[in-house]
Amino acid sequence: MQGLHNHFAIVDGRKLPYRPGTEEIVQICDVRVGVGAEQLLIIEPPTTAGAAAGAHAYMRILNVDGREVGACGNATRCFGWLMLEETGEDEILLETSAGVLHCNRLGDRNVSIEMGAITTDWDRIPLARNVDTLCVPVANGPLRNGIALNIGNPHIVFFVADLEALDVAALAHPIQNDPMFPEKINVGVAQILDAETIRLSVFERPGILTSACGSGACVTLHAARLLGLTDSRRARVDMAGGSVEVTLDDQGRATLAGPVEYCFSGRLPDQKRHLP
């Protein structure tokens, strides 16, 4: 599936557990030798706590380098659409490592998902030391005075006057690998177009300039509010792959809405499935 040109290979591991190693994940995600994807998603039965909360299924998110991550907005919307179609429901509870999330069908291949709370606590992002997360002392050229946040994965957001004039990948790469970020970080570069419209580009872990980033869109609106760049709780976030709608409640919890697309399905060879 793909959400705003973010492509995901999704494996159903509910009946037969699936635990691929790093080499296998890399191969599946490499378009030259595998399916081709920006992340590998594995659907599993909900945990005991998730099932008690009413979750239909659990999703693991694996980056192309094998690293497991806690959140991806576009991946979760694709996962949500599959589960809505499977159940025939218009709303459903889904579990990720970020918690049990509420998903709603908005229309044909259009989904909203609760992304959870956003934090700026330095040790939960995490940063290497206690600094002001509203003005992190890491910079490269016009990228300065960034704000660090976490919504299940770590982000730093920089606001600029002219996003299209910048080589985001070149500027963001050294920031992503700065010692301030022990788990590396997703680097967002944003431009405020008006009170309810933001342009955004994100250089994601492990080093990819993505066409869209759902979690990045959520934290960018929150960052803009914290810095006084807008007072709106709702915004359209425009990215290279398309646009999403972000809404924040008064507790700083984000909801992400936008389109998803089904691409194709198939089967991995039996030897590609590994029991734990």
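When the residues of the range 33-43 are filtered to those that are closer than 20 Å to HIS5 by Cα and in contact with a strand residue (DSSP E or B) (Cβ under 6 Å, 6 or more places away or on another chain), which remaining residue is surrounded by the fewest Cβ atoms within 10 Å (Cβ to Cβ)?
Top of the filtered list is VAL35.
Can you tell me which residues in the range 21-80 are farther than 24 Å from ASN110 by Cα and of a type in the set (Gly, Ala, Ser)?
GLY21, GLY34, ALA49, GLY50, ALA51, ALA52, ALA53, GLY66
I need a count of the residues in the range 190-233 that are modelled with pLDDT of 95 or more, among the β-branched types (Val, Ile, Thr), over 18 Å from GLY252 (Cβ atoms) and under 16 Å from the mean Cα position of the chain (by Cα).
The number of residues fulfilling the criteria is 1.
Test SER232 against the stated conditions and say whether it is of a type in the set (Ser, Thr, Tyr), surrounded by fewer than 24 Cβ atoms within 10 Å (Cβ to Cβ) and closer than 13 Å to GLY258 by Cβ.
So SER232 does not fit the description; no.
Considering every residue within the range 44-54, establish whether at least one is touching a helix residue (DSSP H, G or I) at 6+ places or on another chain (Cβ under 8 Å) and crowded, with 19+ Cβ neighbours inside 10 Å.
Checking the range 44-54: not a single residue is touching a helix residue (DSSP H, G or I) at 6+ places or on another chain (Cβ under 8 Å) and crowded, with 19+ Cβ neighbours inside 10 Å.
If you go through the range 246-261, how many residues are without any contact (Cβ under 8 Å) to a residue 24 or more places away in the chain and in a strand (DSSP E or B)?
1
Got a number for residues in the range 37-94 being touching a residue at least 40 places away in the same chain (Cβ under 8 Å) and among the aromatic types (Phe, Trp, Tyr)?
2
Hey, can you tell me all the residues within the range 6-23 that are within 23 Å of ASN74 (Cβ to Cβ) and either among the small types (Gly, Ala, Ser) or open to solvent by less than 40 Å² (accessible area, probe 1.4 Å) (or both)?
Correct list: ASN6, PHE8, ALA9, VAL11, GLY13, TYR18, PRO20.
Considering only residues that are outside any loop (DSSP other than H, G, I, E, B), within 17 Å of GLU204 (Cα to Cα) and not β-branched (Val, Ile, Thr), which ones fall in the range 1-41?
GLN2, GLY3, ASN6, HIS7, PHE8, CYS29, GLN39, LEU40, LEU41
Take the residues in the range 173-202 that are open to solvent by less than 20 Å² (accessible area, probe 1.4 Å) and in contact with a Ser or Thr (Cβ under 8 Å, 6 or more places away or on another chain), then tell me which one is farthest from LEU149 (Cα to Cα).
Among them, the one singled out is ILE198.
The values are calculated or read from the model by the stated rules, or taken from the named source; none is laboratory data. Only a predicted model underlies this, so the values are computations on that prediction, with no experimental measurement involved. As a convention, Cβ positions derive from the backbone with ideal geometry for all residues, glycine included, and neighbour counts pool all protein chains shown. Note: areas computed on protein heavy atoms with side chains; ligands, DNA, RNA excluded. Shrake-Rupley method; radii C 1.70, N 1.55, O 1.52, S 1.80 Å.
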